[in-house]
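Structure first, then comments.
The values are calculated or read from the model by the stated rules, or taken from the named source; none is laboratory data. Note that the structure is a prediction, hence the values are computed from the model and not measured. Cβ: placed from backbone, ideal geometry, glycine included. Neighbour counts: every protein chain shown. In case anyone asks, the SASA skips ligands and DNA or RNA and just uses the protein heavy atoms, side chains included. Shrake-Rupley method; radii C 1.70, N 1.55, O 1.52, S 1.80 Å.
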Amino acid sequence: MVQAARILLFLAAVAVARAAEDFRAEFVVETTEGQQSFTVRVHPDWAPLGVDRFKELVEAKFYDDTRFYRVLPKFVVQFGLSGDPETNALWRSKPIKDDPVTATNKPGTITFAKTSAPNSRTTQVGCSCSSPYSSP
């Protein structure tokens, strides 16, 4: 698998919906080692509001042609900012409420980034590369 630090650019996000409770999105990325892909499977029982927003963003093609903007090896990889400031402003104006915490952020899971304010999640997500609360 390509190291997180080598991932450069999202090329496309393609949604694969199987059933309402089994939504998956395949991301195809261009890296310094060639084209790679990964699939995100969402869990409505873990974060129903987050799942709804993630599906909305994927179906709107928000993540197409976006970049990983923060890569801290052995800690986190983050993405979810559009290259278009107007698009970012539109989604930033529509934050979602926080879901209750029902699962840990173990390696390989993604979660929406938020500010220190409650109910501030919008489009940015992070993939945990290590145990929760560990630092790089």
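Which numbered condition in (1) outside any helix (DSSP H, G or I); (2) in contact with an Asp or Glu (Cβ under 7 Å, 6 or more places away or on another chain) is the only one that T111 fails?
Status for T111: all satisfied but (2).
Looking only at region 53-79, filter to residues that are touching a residue at least 40 places away in the same chain (Cβ under 8 Å) and assigned to a helix (DSSP H, G or I); which one of those is farthest from the chain's Cα centre (by Cα)?
Filtering region 53-79 for residues that are touching a residue at least 40 places away in the same chain (Cβ under 8 Å) and assigned to a helix (DSSP H, G or I), the one farthest from the chain's Cα centre (by Cα) comes out as E59.
Counting only residues that are part of a loop (DSSP other than H, G, I, E, B), at negative phi and surrounded by 10 or more Cβ atoms within 10 Å (Cβ to Cβ), how many does region 80-108 have? Write out each step before concluding.
The first filter runs over region 80-108 and keeps only residues part of a loop (DSSP other than H, G, I, E, B), leaving 80-84, 93-95, 97-108.
Then drop every residue that is not at negative phi, which leaves 81-84, 93-95, 97-107.
Filter once more, keeping what is surrounded by 10 or more Cβ atoms within 10 Å (Cβ to Cβ): 81-82, 84, 94-95, 97-99, 101-107.
Within region 80-108, residues that are part of a loop (DSSP other than H, G, I, E, B), at negative phi and surrounded by 10 or more Cβ atoms within 10 Å (Cβ to Cβ) number 15.
Of all residues in region 25-52 being in a strand (DSSP E or B) and open to solvent by 60 Å² or more (accessible area, probe 1.4 Å), which is modelled with the lowest pLDDT?
Per the stated criteria, the residue is E30.
I'd like to verify a number: residues in region 22-64 that are aliphatic (A, V, I, L, M) and closer than 23 Å to D84 by Cα, how many? Break it down stepwise before answering.
Going residue by residue through region 22-64, those that are aliphatic (A, V, I, L, M) are 25, 28-29, 40, 42, 47, 49, 51, 57-58, 60.
Narrowing further to those that are closer than 23 Å to D84 by Cα: 25, 28-29, 57-58, 60.
So the count comes out to 6.
With the condition kept exactly as written, say whether any residue in region 121-135 is surrounded by 14 or more Cβ atoms within 10 Å (Cβ to Cβ) and aromatic (F, W, Y). Don't jump to the end; show me each part of the working.
Residues of region 121-135 surrounded by 14 or more Cβ atoms within 10 Å (Cβ to Cβ): 121-130.
Keeping just the survivors that are aromatic (F, W, Y) gives none.
Within region 121-135 (the criterion being surrounded by 14 or more Cβ atoms within 10 Å (Cβ to Cβ) and aromatic (F, W, Y)), the answer is no, since none of the residues qualifies.
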